[in-house]
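Down below is the structure, laid out as C-alpha cells.
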Amino acid sequence: MPLLSRVRAGGRARVPRRGGLVLVSNHISHFDPHLLAMACPRRIDWMASDVLFRNRLAAFYFRNVRTIFVRQYQADHAALREAVRRARMGRCVGVFPEGGIRTGEASLVGGKPSLYDGAFVIALLGRAPILPALVLGTDRLYAPKSLWRRPPLWFRFGEPIPVEGLTRADVPALRRRFLEGFRALVDEVRAEGGIREEDWPQTPQQRNPKIPPSNRQAERGEP
C-alpha cells in the first residue's frame, strides 16, 4: 500500500500490545478491515457479515484470518458470545458499530451516527477496553485512476477507554465516551492539515458510478 498510496498512521503507541481489546472504527469502504489491520500493531479478529462466507473460497480465507461471521440484519447471540470469548482470551476484536458502510451526516465522521450496542456489550462482557479508531481516504480506492496520484490514507488510533466496574446499564455512557474519543481523533487529523474536501468520505457510487447501489442504499433512496 505505501507504493500505491500515502499512508498516514498515527496513535499506534496508544494501542495496548497485550490483553483483550475491542477496536471500534468508522466504516467507509470494503477495504477498511484489511488496511486497518495493516496499520494496527495488533492482529485484529474482525466481525463481518455472513454474506462474505457464502463463497467457499472467500469463506476459507476469512476463517483463516480469524474473522467472526455475524448473521446480517438480526441479533446474532452466537457471534456475540464468540467475540466475548476472544476478548477474554486476550485478542483484539474489531467492530464497525455503524452496521455497514456509512458516509455523510449520519456517519461517525459526519457526527450524527446511529450505532449498534454490540461493540460496547462485547467490551463490557469481555472485560476489554475500547479502542477508538478512525479511517479516512480508503473510499478513494474505488476509483482505480486515483492510484496514479497515490491518494492519502489516514489511520488514527485513540486512547483506550477502560470498562472496569461498568455493567450493561452503563452502555449509553460508554457510547458517549467512545463518541467523544472518536471526535477527538477527527479533530486531531483535521488540525494537522492536508485534508481536502474530496478526502472526506463518499459512497462507493460517488467515487465510481459503475458500482451499483446495495439493496439497503436503494431502500433509503441513496445514490
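The figures follow:
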item	result
Of 103, 67, 167, the one that fluctuates the most in a GNM where the chain has Cα springs shorter than 10 Å	167
Volume in Å³ per residue [convex hull over Cα atoms, computed for segment 1-94]	118 Å³
Kyte-Doolittle mean at least -0.5, axial Cα span of 15 Å or more - DSSP H helices of the chain	171-192
Diffusion coefficient, µm² s⁻¹, Stokes-Einstein with Kirkwood Rh over alpha-carbon pairs of segment 6-220 at 20 °C and 1.002 mPa s	121 µm²/s
Rounded to the nearest 20 debye, dipole of the chain from Cβ charges on Lys, Arg, Asp, Glu	780 debye
Relative packing of peptides 201-209, 71-79 - highest average C-beta neighbours within 10 Å first	201-209, 71-79
Beta bridges per DSSP with both ends in the chain, % antiparallel, nearest 5	20 percent
Alpha-carbon centroid distance for the pair segment 163-192 / segment 20-80, whole angstrom	22 Å
Amide hydrogen neighbours beyond the local backbone of residue 93, cut-off 5 Å, H modeled	21, 22, 23, 45
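Every read-out reported here was derived from the displayed coordinates using simple, explicitly stated rules and does not represent laboratory data. Source: prediction; values computed, not measured. Every residue, glycine among them, receives a Cβ derived from its backbone with ideal geometry; neighbour counts consider all protein chains shown.
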